[in-house]
Amino acid sequence: MYSFHYRRPTALNEALAVLHADSEAKMLAGGQTLIPTLKQRLAQPTALVDLSRIAGLSGIQKTAEGVTIGAMTHHADVARSPIVREVIPALADLAGQIGDAAVRNRGTLGGSLANNDPTADYPAAVLALNAVVSTDHRSIPADAYFQGLFETALEEGEIIVAVEFPQVDKAAYAKFRNPASRYAMAGVFVAKTAAEVRVAVTGAGQSGVFLWEEAGDVLASDFSPAAVDKLALDPSDLMSDLHGSAEYRAQLVKVMTKRAVASIA
Amino acid sequence: MTATDASAFSTVTPIGAAVRRKEDHRFLTGKGRYTDDFSRPGQTFAYFLRSPHAHAAIRSIDVSAARAMPGVVDILTGADLAEDKIGDLICGWMIHSKDGSPMKMGSHPALAKGKVRYVGDHVAVVIAESLHQAKDAAAAIAVDYEELPVAAGLATAQEAGAPQLHDIAPRNTAFEWELGDRAATEAAFAKAVRVVSLDLVNNRLAPNAMEPRAAIGEYDAGDEAYTLWTTTQNPHVARLVLSAFVGIAPEHKLRVIAPDVGGGFGSKIFLYAEETVCAWASKRVGRPVKWTAERSESFLSDAHGRDHLTHAELALDAGGRILGFRVHTRANMGAYLSTFASSIPTYLYGTLLSGQYDMPAIYCEVDAVYTNTAPVDAYRGAGRPEATFLVERIMEKAARELGEDPAEFRRKNFITKFPHQTPVILNYDTGDYAASLDKAMQMADIAGFPARKAEAARRGRLRGIGYSAYIEACGLAPSSAVGSLGAGVGLWESAEVRVNPTGNVEVLTGSHSHGQGHETTFAQLVSARLGIPIDQVTIVHGDTDKVQFGMGTYGSRSGAVGMSAIVKALDKVEAKARKIAAYLLEASEGDIEFKDGKFTVAGTDRAVPFAEVALGAYTAHKFPTSEIEPGLKEGAFYDPINFTFPAGCHICEVEVDPETGVTDIVKFTAVDDFGVVINPMIVEGQVHGGIAQGIGQALLEGVTYDSDGQLVTGSYMDYTMPRADDVPRFDVGLTETRCTTNPLGIKGCGEAGAIAAPAAVINAMTDALGTEDVPMPATPATVWRICEAQAAARRAAE
């Protein structure tokens, strides 16, 4: 780890001021990715702006449309929230599958979304549920938010405040873990509303989370595992590495989609 | 089995009692003291600049900018080693090639001299006031590398035109060794009715001890003596090598302390560059020098294990009996020959190729090959897992080709008469292989397997079952035997039993515990023998100033060899105590009986407890000191007369999900014959740990380098260590034939699981998948690829 300044503001404006004054400062929102990166000397920020003490950034609220979760809410709190379990149980299930217990106690929703790791779990839920990412000065719909590997619509110094998740008729998350890292190799979140079915895939795409639109279309008319069986996901845009070829990931996406559908069909 | 607290035994803890480990309270409450827990006054911190290239010439190293950085105490390179006439690291086992020539040991300096040969090779060391300062300065060292072509692959490194690592070793070949009778084996194949052949890869593993390697070197200018605290499995051998070969200091001016050590699995047997440099540099800088590996350094620079390419053929007669076995193995040595590297694919591998079977003729050839990768040396099992994997895979394949039941095919080829001389040096003293097979088959419910397989098939799952009837040679080893085979050291063990005046006992052992539970097992032996409570016995090890000499712990030798030395010393203690007791009881020595901790005059109720005799020995009031020396302290060296031969049968049952390639081990049965067991709970724990590592090799673990020699599996993000949910519940059982060649009848248990499990798992996988071609690690992606290819073939056939 290199030396850096540590700031822990208690107000959003204070955090924004530090970040706008120093483009080399980084936000610390749980640190489950950032701290290991710093320890390996792979990043050298001038300052860390710890968001954990800013009032109003964490907590879970039931709304008319669904549930709103503060950006600094820990995964463990989402996993065991009675509100989330009631309104979108699949989201609580997903949160309970992130990393291990230590990661879930420190990692946050906003931290995960801002980092947009291609193997993170939350992006699949946000995209499939068509959630809205609220920041310090605007609202970004999920379809516009994710822009590639570790790339998002966030501007320099823009802070995620909360995420609004709409309630859906049915949803489920099925994940196949990388045997070594236990990150998703294929994480599929299926969300069904009266209007449509959205199938979001994490862990497999070369450009991060994506919507498998063909599966959504088929499932909209026949919400069954058998409907997915007939599909074949094109592997050309999928990741290929030591742990599995693109073809294998295409297969895993299909199987996880089937299993997610089977669990709620 | 029921566990019992050691402290619950107010009197004697018998051999065979499953007492809880005495050392665990210390470990579990954070009171263990590991090398990194020690801090010395004025200590500095070492950071090693490592090669980013797999193969490069070093044109120059410019340390001037780095030297000026804050906190830098010194920066040392290979040139400084040369200036101090520090010798190379050595390989301590001489192997001769078929043509009689000695092995070609490439120069292995602790800091590179002109060339680097693997990613992670040691280029320079920065010694600074803090670790961060050392790292900052290391980044400022300018090394001018001339990158060289890389020989990263074992399969191609011997080819003409492959990049050469060491001038001394043409074709990157350290030796071409043979064992067995070539002509007799050729004759056996000439009359064979069937020949079964098999090509295997034994995957490279990273040892991953929980505690990374660490060292503190300290030089005392007043005494002109060094102390080295380090994570070694054999402190005396480390001192011997540092003194006699590397030339740091004479033995009497070098103290090596191995305090609590958190796992070794072989990787801490060896003398590495970092520990050597810490000792040497402490005099150069005049201050203690400390280094602790980060996990990524462990992946790069701890000696790896396994890594064989093998072609084997088994000759069978018309009745399915083995006539001969011939094997050609290429063994990856990595970039340098590590401390015992040459012995692993030779005398710890070729000698085990007879397995549990009566094989009239065996011929084995092994090429040891340099590549631009980390050195490869002993890792839990060390040669014997490679032998078992080969033998048990080809036995399974042979049974299938013959259409015979794999258990019965094994059974009819079992050795049943003992002692048994194999064609590959070893002479098995005893064993009952049918007994462990039968017990394992019964525990594994072999009879119910077809029904389970059919039920799984209805769920779309593929079930398979696999056997591994393994044998290993432990109790390393008769010194004259290993000496004749090229070992640079003897492999006896020492013990000293010090009885204090109040009757409690300290036992000094030359073996070393780094997780094996010696503090309990050894104390159990003393307690049972002297009739004193186990908590009155302390085991001392791991310090060359306390224990005079010893060979350390590896190869499942501490029970069979180390405890035998303790028995010998206890014999002497008892003999002397008996003389003293005779004086105390005013009886003739011949009438004294020693039982239950009391010396009794036979046929009377006149008795004196052991503690009173101990006190009598030190007061020396009641016996003539002209005849009997005061005190009660005896030492012994025990040299084994043969190896020991633990053996057993492991059975694995798997279920494969062809949709995802995921393998679920639904049942794992292990029946082992370890001879006499001192503490069944510790033995069971050793079996569990070994199987977990064996399953790791079969399904999860594999070190991967790319074609440029870059380590792809350099962290736990990519190297799959077994986790608790990766391994099943283990059903373990024991059979017992006493070892006939040591006083306790012990064979050893530390490596059995890692030796037996890979073949059991892969035999089950090949059974489930209906193909012999299932490589290790059989990851989900690999298994799915096999299933998918089979499905494609079926589709094409339709």
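A short reminder: the numbers here are calculations on the coordinates, not readings from a lab. Computed from a prediction, not measured in an experiment: that's the story for all the values here. All Cβ positions, glycine included, derive from the backbone under ideal geometry; neighbour counts span all protein chains shown.
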Under the Debye formula (equal points on every Cα, no solvent term), log10 I(q)/I(0) of the range A:1-134 at q = 0.10, 0.12 Å⁻¹
-0.34, -0.48
Quick one: net charge around B:Thr416, please, counting Lys, Arg +1 and Asp, Glu -1 for every other residue with C-beta under 11 Å from its C-beta.
+1
May I have the convex hull volume per residue, in Å³, for the Cα set of the range B:1-159?
273
Taking all pairs of different Cα atoms in the protein assembly as shown, averaging 1/r and flipping that mean, what Kirkwood radius in angstroms comes out?
31.8
Name the GluC sites (Glu not before Pro) in the range B:388-452 that are in a loop by DSSP and that have at most 16 other C-beta atoms within 10 Å, would you?
B:Glu404
Note on the range A:170-264: C-alpha Rg/Rh, Kirkwood Rh, two decimals, gives 0.96
Using alpha-carbon positions, what is the distance between the centroids of the range A:116-195 and the range B:53-81, in Å?
47
One-quarter of the Cα convex hull surface for chain B, in nm²?
37.6
Relative contact order, percent, of chain B when contacts are C-alpha pairs under 8 Å separated by at least 6 residues?
16
Translational diffusion coefficient (Stokes-Einstein; Kirkwood radius from C-alpha pairs) of the range B:561-665 at 4 °C, 1.567 mPa s, in µm²/s
74
Taking every pair of distinct Cα atoms and averaging 1/r, then inverting, what Kirkwood hydrodynamic radius in Å comes out for the range B:340-379?
11.9
Under Karplus coefficients 6.51, -1.76 and 1.60, residue-wise ³J(HN,Hα) of the range A:160-173 in Hz, glycine/proline x:
6, 9, 7, 10, 9, 9, x, 5, 10, 5, 8, 7, 7, 10
Over 5 Å intervals from 0, what percent of Cα-Cα pairs in chain A sits in each interval?
1, 6, 13, 18, 19, 17, 12, 8, 4, 2, 1, 0
Phi-based couplings in Hz for the range A:105-113 (Karplus 6.51, -1.76, 1.60; Gly and Pro marked x):
7, 10, x, 10, 4, x, x, 5, 6
In terms of modelled amide H atoms, which long-range or inter-chain residues lie less than 5 Å from the amide H of B:Ile746?
B:Val676, B:Cys739
Cα centroid separation, the range B:114-174 to the range B:349-377 (Å):
28
If I take all pairs of Cα atoms in the range A:107-183, what percentage of them are more than 19 Å from each other?
35
Karplus-derived HN-Hα couplings along the range B:204-211 (A = 6.51, B = -1.76, C = 1.60, θ = phi - 60°), whole Hz, x at Gly and Pro
6, 10, 9, x, 6, 4, 4, 8
Neighbour net charge for B:Pro728 - beta-carbon separation under 12 angstrom, K R +1, D E -1
-4
Rounded to the nearest Å, what's the spacing between the alpha carbon centres of the range A:240-265 and the range B:421-459? Just the number, please.
36
What spacing in nm lies between the two simple spin-label points modelled at B:Glu401 and A:Arg8, each 7 Å away from Cα in the Cβ direction?
6.9
Quick one: compute a quarter of the convex hull surface over the Cα atoms of the range A:5-50 and quote it in nm².
3.0
In the neighbourhood of B:Gly42 defined by beta carbon distances under 13 Å, the net charge of the other residues (Lys, Arg +1; Asp, Glu -1) is 0
Residues with amide H under 5 Å of A:Ile140's amide H, sequence separation 5 or more or different chain, H placed in the peptide plane at 1.01 Å from N; which?
A:Val133, A:Ser134, A:Thr135
Using a Förster distance of 41 Å, the FRET efficiency for B:Ala318-A:Gln44 (Cβ separation, nearest 0.05)
0.05
Within the range A:1-102, DSSP-loop trypsin sites (Lys or Arg not before Pro) with at most 15 other C-beta atoms within 10 Å are A:Arg41, A:Arg53, A:Arg80
Per residue Cα convex hull volume in Å³ - calculated over the range B:492-638:
105
Classify the range A:60-166 from the C-alpha gyration tensor, please: rounded if a/c falls under 1.5, else prolate or oblate depending on whether a/b exceeds b/c.
oblate
Cα extents of the range B:75-197 along the three principal axes, largest first, in whole Å?
71, 28, 27
Using just the Cα positions, wrap the range B:367-452 in a convex hull and report its mean projected area in square nanometres, one decimal place.
9.1
For the range B:210-296, the Cα-Cα pair-distance distribution in 10 Å bins from 0, as whole percents, is 19, 55, 23, 3
Over 22 Å (Cα to Cα) among B:Lys31/B:Lys633; B:Lys598/B:Lys622; B:Lys22/B:Lys667; B:Lys572/B:Lys747; B:Lys113/B:Lys268; B:Lys579/B:Lys747 -> B:Lys31/B:Lys633; B:Lys22/B:Lys667; B:Lys572/B:Lys747; B:Lys113/B:Lys268; B:Lys579/B:Lys747
Around B:Thr44, which amide H atoms from residues at least 5 apart in sequence, or from another chain, sit under 5 Å from its own amide H, with H modelled in the peptide plane?
B:Val289, B:Lys290
Summing -39500 (n - 2.57) over the DSSP H runs of n ≥ 4 in chain A and dividing by its residue number, what mean residue ellipticity at 222 nm do you reach, to the nearest 500 deg cm²/dmol?
-9000 deg cm²/dmol
Spatial extent of the range B:732-798: Rg and Dmax, with the Cα atoms as the point set, Å
19.5, 66
Distant alpha-carbon pairs in the range B:255-374 (separation over 22 angstrom), percent
53
